[in-house]
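The values are calculated or read from the model by the stated rules, or taken from the named source; none is laboratory data. Keep in mind the model is a prediction, meaning the values are calculated, not measured. Using ideal geometry, Cβ is built from the backbone for each residue, glycine included, and neighbour counts are taken over all protein chains shown. Accessible surface areas use protein heavy atoms only, side chains included; no ligands, DNA or RNA. Shrake-Rupley method; radii C 1.70, N 1.55, O 1.52, S 1.80 Å.
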Amino acid sequence: VPLLVNGEEAVFPDAVPVFRGDTIDVPAAAALEALGYEVAWDEPSQTITAEKGEDAITLILGSTSASGGAVTLTKAPYVDPATWRTYIAAEDLDGLLPENFRTAVDYGFVVDSAGSLVMSGAEMAVIVDDVDAIWEENTETYALMDQYMDYAGQYKVGNWQLDGSYLLTIPSEGAVTPADGSQEYPAEITNTVGGDYSVITNQTAMQLAMGMSIGGTIMGEPIFPVDMDLDLRADLESGMLYLWFQSEDLEQLLSNVEVNGETSGFQIPDQWYSMDMKEIYDMAYGPGVYNEIVALSLESADASFSQTLRDLLSSDMISLSPEFTTRDYLALFNSMFADSSFEKTGSTYTSTPIDLTEDGVSVQMGVELFTSGGQINGYGVEMTMAAEDGSVLLTAEMRENEMTMAFDMDMPGAVISFTLDGAYRPAAGAPATEPPAGAEVVDIMESLLGTGELTPEPESSPAA
């Protein structure tokens, strides 16, 4: 099993990383030396001591308590009888090493010919990156992106309102069979979802009001026109998200459906649904990940682009793999955002397009920065994906306070077109982050599990 240190495979003199039991284990002394530590062994106390600058690591043979009790290991260090070297679990390196190190253990999960997820020894690897050391080698500058962040940063100060419209179109051609099965005929179908929206945001909160109209046609005749109103409120710091929706059209449509010989009389409850995004993120990615994302978002408002990029490389927001170590991410970001990647034509700076072609699928992405009076006042992004049987195109652009986005997919069985536009203006007040006072609230996760209960919001909650 290879150990990649700062993107390079470490060379071991007499003992190598192995998959043993249910963990990938590494020879402690050799691995820590490859990371720049000076390692010493104390026979009487059966202790390994590793030092690098002011950082010190202590490991005791047979004990899961390390570094003076500050770290609890998942697996006690042990002596391999074949090599007489002390081994530790690779996943324990994350807790032993200081914050400037990022680690990942890749157990080489692949999909076999039967479609099952299995481990492949050939794909296993341990990745350890010293982000400080990698960053110190970076010689790129980011003056243009600093100007862009000054422009974008204005929308993180105070309260802003974004008003616009959207339209999703899903056309298709094929045979259509009515529900009663009486007839089948070829038809051209165009299904659409669209409407207007209004978003109020600040650096820590968001409130979205959206009108949605769902419609379609068969041979030019309209079918199932359904209008719906949605309201979404979110508090970034707490992680709480609330959703409300109502639709008289949907109630009327479903109320006529027969269930056991009787019409359903369907009604949409006038209630809010809550979701704890912090809890979901921490369950999916590990404790503290949500707080790390929030902290990075808040800090980026005042930080330079280089500091934001440096913080991103140190965070758990990007996952390491043998194919994409910290060096690879830095090279990718530099190819898109470093000053050296841009060329100026007129009042527009255009970055060198990146090409991520792999396995017959071409993915290209480019960035533009627009200027006026010598100052950046907008951006453009274009990403294309092309394969033998279809393509995807994504474009986004913002100039001054107006933005547009378009997404077009033309793949077998999936032809989709989506457009979005909007304009920013200062908002009259802060976004609401909770349902109106006295509203009924259901935890959506508990509701899906069949245990949700209606809980009145406290009267102190802000009104809509």
- Note on the structure: The percentage of the accessible area of the chain (probe 1.4 Å, all protein chains present) made up of carbon and sulfur atoms, to the nearest whole number, is 54
- Message: Give the separation of the Cα centroids, the stretch 111-158 to the stretch 278-294, in Å.
- Response: 18
- Query: Three principal axis extents, largest first, for the C-alpha atoms of the stretch 31-133, in Å?
  - Reply: 52, 36, 23
- Regression test value, accessible area per residue of the chain, probe 1.4 Å, units Å², expected 55
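With every protein chain kept in the model, how would you rank Met145, Met405, Met445 by accessible area, 1.4 Å probe, largest at the top?
My answer, sorted largest first, is Met445, Met405, Met145.
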- Query: What are the semi-axes of the equivalent ellipsoid for the stretch 349-396, taken as the square roots of 5 times the Cα gyration tensor eigenvalues, largest first, in whole Å?
  - Reply: 28, 10, 4
- Gain upon complete extension [Leu394, Arg20; 0.36 nm per residue less C-alpha separation]: 130.1 nm
- Item | Helix-only CD estimate at 222 nm, as mean residue ellipticity for the chain, using -39500 (n - 2.57) per DSSP H run (n ≥ 4) | -5000 deg cm²/dmol
- Using the Cβ atoms and a cut-off under 14 Å, what net charge is assigned to the surroundings of Ser198, where Lys and Arg are +1 and Asp and Glu are -1? -3
- A convex hull over the alpha carbons of the chain yields, per residue, a volume in Å³ of 235
- Item | Around Tyr349: net Lys/Arg minus Asp/Glu count, Cβ-Cβ under 10 Å | -2
- Note on the structure: Gyration tensor on Cα atoms of the stretch 1-68, a ≥ b ≥ c root eigenvalues, a/c under 1.5 rounded, else prolate if a/b beats b/c, else oblate, says oblate
- Task: Just read off the accessible area of Ile127 with the full protein assembly in place, 1.4 Å probe, to the nearest 10 Å².
- Result: 0
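Assuming R0 = 60 Å, can you tell me the calculated FRET efficiency for the pair Val11 and Leu448, based on Cβ-Cβ distance, to the nearest 0.05?
0.75
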- In what sequence, largest accessible area first, do Ser447, Ser341 appear using a 1.4 Å probe? Ser447, Ser341
- Query: Cβ under 9 Å from Val39's Cβ, Val39 left aside: what net charge do those residues give with Lys, Arg +1 and Asp, Glu -1?
  - Reply: -3
- For the stretch 27-57 and the stretch 389-407, what is the separation of their Cα centres, given in Å? 52
- Cα-only radius of gyration and Dmax that characterise the stretch 235-364, units Å: 23.7, 71
- Query: Using Cα pairs under 8 angstrom and six or more residues apart, how large is the relative contact order of the chain, in percent?
  - Reply: 12
- Item | Nearest 10 degrees, 0 to 90: helix 289-299 Cα axis against the chain principal axis | 80
- Query: For Met277 and Ala40, FRET efficiency with R0 = 45 Å and r from the beta-carbon atoms, rounded to 0.05?
  - Reply: 0.45
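Compute the Cα gyration tensor for the stretch 301-422, then decide on rounded, prolate or oblate, letting a ≥ b ≥ c be the square roots of its eigenvalues: rounded whenever a/c is under 1.5, prolate when a/b is larger than b/c in the other cases, and oblate in all that remain. Walk me through the intermediate numbers first.
On the way: a/c = 1.77, a/b = 1.11, b/c = 1.60.
It is oblate, given that a/c is not under 1.5 and a/b is not larger than b/c.
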- Message: With +1 assigned to the C-beta of every Lys and Arg and -1 to the C-beta of every Asp and Glu, and no other charges, what is the dipole magnitude of the chain about the Cα centre in debye, to the nearest 20?
- Response: 580
